[in-house]
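Just below is one structure, and these are the notes that go with it.
Readers should treat all values here as calculations from the given coordinates under stated rules, not as data from a laboratory. In this text, all values refer to a predicted model and were calculated from it rather than measured experimentally. Every residue, glycine among them, receives a Cβ derived from its backbone with ideal geometry; neighbour counts consider all protein chains shown.
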Protein chains: 2
Amino acid sequence: MSTINPQLGIGIDIGGTTTKYGIVNHRGEILYRGVISSRKHGTPEAFIDELYEALLPAIDEAGGIAAFRGIGIGAPNGNYYTGTIEDAPNLVWKGKIHMADIVTKKFALPAALTNDANAAAVGEMMYGAARGMKDFIMITLGTGVGSGIVANGHLIYGHDGFAGELGHTIIIPGGRKHWGTGAHGSLEAYTSATGVTVTAREFLENRPEEDSLLRAYKPEEIDARLVYEAAVKGDKIANDVYAFTGEILGRALANFVMFSSPEAVILFGGLTKAGDLLLKPVRKYMEEDLLPIFRNKVKLIISELKESDAAVLGASALVWELK
Amino acid sequence: MSTINPQLGIGIDIGGTTTKYGIVNHRGEILYRGVISSRKHGTPEAFIDELYEALLPAIDEAGGIAAFRGIGIGAPNGNYYTGTIEDAPNLVWKGKIHMADIVTKKFALPAALTNDANAAAVGEMMYGAARGMKDFIMITLGTGVGSGIVANGHLIYGHDGFAGELGHTIIIPGGRKHWGTGAHGSLEAYTSATGVTVTAREFLENRPEEDSLLRAYKPEEIDARLVYEAAVKGDKIANDVYAFTGEILGRALANFVMFSSPEAVILFGGLTKAGDLLLKPVRKYMEEDLLPIFRNKVKLIISELKESDAAVLGASALVWELK
């Protein structure tokens, strides 16, 4: 690593339970990393105080605060324009939190904030599978379903900073009720880890005559990991869960493609471990629903970034766009 | 009008039956306008030859070709990147037509081409309801349903130049079969003039006991205009057609809003004449399907541009973006 004028960034990924952070150089190498709890601080200021204390030794070792260009933050319901986190249901701090301001005040560094999926898209564009792409859609398939949309080389933040909530678009009108939003038939209700779990429990209940490895567990014990493990062992019901999930995701992607005509759709997160179990139906039904002018053009790619690093990398990448 | 260095543009709107054209100044005033057939020329070159002959006197009167900055063209399946029209089902010329090149060769002026809905969005941004907006979605509700999406102040063309085919997104999986594409449940199958007509015929057939002004016509005589006329006279079935159409459009718009979070959705075209008959259900169901962070933020606006002028204005507006 060059020691002359090192330009470093700090990436902070605020999740519902833990917050990951790291010091990242311009090549996307994480030089230092750590984790603190997101839940044990009464105020966001106290939370940032602890984060600062935790990072200080590493900042000093890297050459002091002058070696840093800024701080990037990924957070649920993060608003890029205002640097605020607004009514994030899974964080302990309620209302509108001026997180970028709090961070800037504590660290004396400029800070940029966006939602976690947008941060992942920026990371993918700078260091991952979307290098060199000007038009792509990133879909994160984790506990929830997030998205980041890049068009003309820039993230779409929209009028108010909240663009790209594709997990909440309605794919099946009148369909499954979402446990959090109450909406019926949203993408997240089916293609998140929770959605996969619900589907598995439904299939097991509705096909009582059929054997399955998953019958070794109580319904409430079943989760996306168990479904995956059963599927790779050839379990029919578990495989059908992926076929069903993949069909819904594929049809949703067709709609997204007809919106922004991306070069690629990049899938990220726990569910992508299923590989072709998921990708095959996704591709089939995406192509089926596309207008002919869009067919066989869109790359369907699984993220190249290590899942544990992506959010921190993506958040830190926001630093290079700071003015 | 200033006579010093006048900067003029030519706008050409190629439709399935006729082609409208006009000479437009930078303020969006159409100084000259005309129409020729789109159907009677064996080659696109012969078509442009006639267009050139028709425009030549007006070009000379405006100060000759030197007074013109360029030519903008709106056309079905128009590709901005390549300047081509590709497999447009309702044009007489088949395959890939290098229309921008043909125009440039004939007129010795730079030419830009995009699809008709994108051209309308550019016109709306420069001269209409979207002046000053950086993020909006234009939906054209005519014989078909088209769209133009502006984000960060620029039209989204996508990777291949075909972005923004929102009329072909699937809103009701397994729903009504589209007469042209064969897809089931696309927005255009319901919210185009043809879609409204089909809905009206279905309602009349499925509710045989119910009286309606539309029963004065044979099913094959019914069109969107008759439905409109019956609806404003208070006809129940005709009003239900708008309620149904508006619900589907509103739910679709909710999905589009969660994609790009626009400041406004601008509706354009024949169907918008219905005013509140359409807008009320559109707004109701759009808001219902939106995540709370998007609610009561998005303006729903009917285009300010005269329908007969908008396509020519929009096409001409492409000229001001020519490099």
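Per-structure values
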{"read-out": "Beta bridges per DSSP with both ends in the stretch B:132-303, % antiparallel, nearest 5", "value": "55 percent"}
{"read-out": "Whichever lysines have a C-alpha closer than 21 Å to that of A:Lys134, once near sequence neighbours (fewer than 8 apart) are set aside", "value": "A:Lys297, A:Lys299, A:Lys323, B:Lys134, B:Lys323"}
{"read-out": "Cβ-based net charge around A:Ile48, under 12 Å, with every Lys or Arg adding one and every Asp or Glu removing one", "value": "-3"}
{"read-out": "Average Cα contact separation per residue, the stretch B:142-230, under 8 Å, 6 or more apart, as relative contact order %", "value": "21 percent"}
{"read-out": "The stretch B:241-266 versus the stretch B:1-74: alpha-carbon centroid distance in Å", "value": "35 Å"}
{"read-out": "Compactness of the stretch B:132-303 - radius of gyration and Dmax, Cα, Å", "value": "16.3, 52"}
{"read-out": "Chain B: relative contact order as a whole-number percent, Cα under 8 Å and 6+ apart", "value": "21 percent"}
{"read-out": "Rounded FRET efficiency, nearest 0.05, which uses the C-beta distance separating B:Leu322 from B:Leu300 and R0 of 30 Å", "value": "0.40"}
{"read-out": "Alpha carbon Rg of the protein assembly as shown, scaled by the compact-globule rule 2.2 N^0.38 Å", "value": "1.05"}
{"read-out": "Whichever lysines have a C-alpha closer than 22 Å to that of B:Lys236, once near sequence neighbours (fewer than 8 apart) are set aside", "value": "B:Lys218, B:Lys273, B:Lys280, B:Lys284"}
{"read-out": "Rough spin-label spacing in nm, given labels placed 7 Å along Cα→Cβ, for A:Lys273 and B:Lys134", "value": "4.1 nm"}
{"read-out": "Debye intensity ratio I(q)/I(0), log10, the stretch A:116-186, q values 0.14, 0.21, 0.28 Å⁻¹ (C-alpha model)", "value": "-0.48, -0.88, -1.20"}
{"read-out": "Within straight-line cross-link reach of A:Lys40, aspartates and glutamates at Cα separation under 15 Å, skipping those fewer than 8 residues along the same chain", "value": "A:Asp49, A:Glu50"}
{"read-out": "Label-point separation, B:Val92 to B:Lys40 (7 Å along Cα→Cβ), nm", "value": "0.9 nm"}
{"read-out": "Estimated FRET transfer efficiency when R0 is 41 angstrom, pair A:Ala108-A:Glu307 (beta carbons, to 0.05)", "value": "0.80"}
{"read-out": "Helical segments meeting 27 Å axial Cα length and Kyte-Doolittle 0.0 threshold in chain B (DSSP H)", "value": "B:236-260"}
{"read-out": "Förster radius 45 Å - calculated FRET efficiency between B:Glu221 and A:Lys284 (Cβ-Cβ, nearest 0.05)", "value": "0.60"}
{"read-out": "Cα-based equivalent ellipsoid of the stretch A:264-323: semi-axis lengths in Å, sorted from largest, via gyration tensor", "value": "28, 17, 6"}
{"read-out": "Point-to-point label distance, A:Tyr32-A:Val232, nm (Cα→Cβ direction, 7 Å offset)", "value": "3.6 nm"}
{"read-out": "Overall Cα dimensions of chain A, principal axis frame, Å, largest first", "value": "65, 46, 37"}
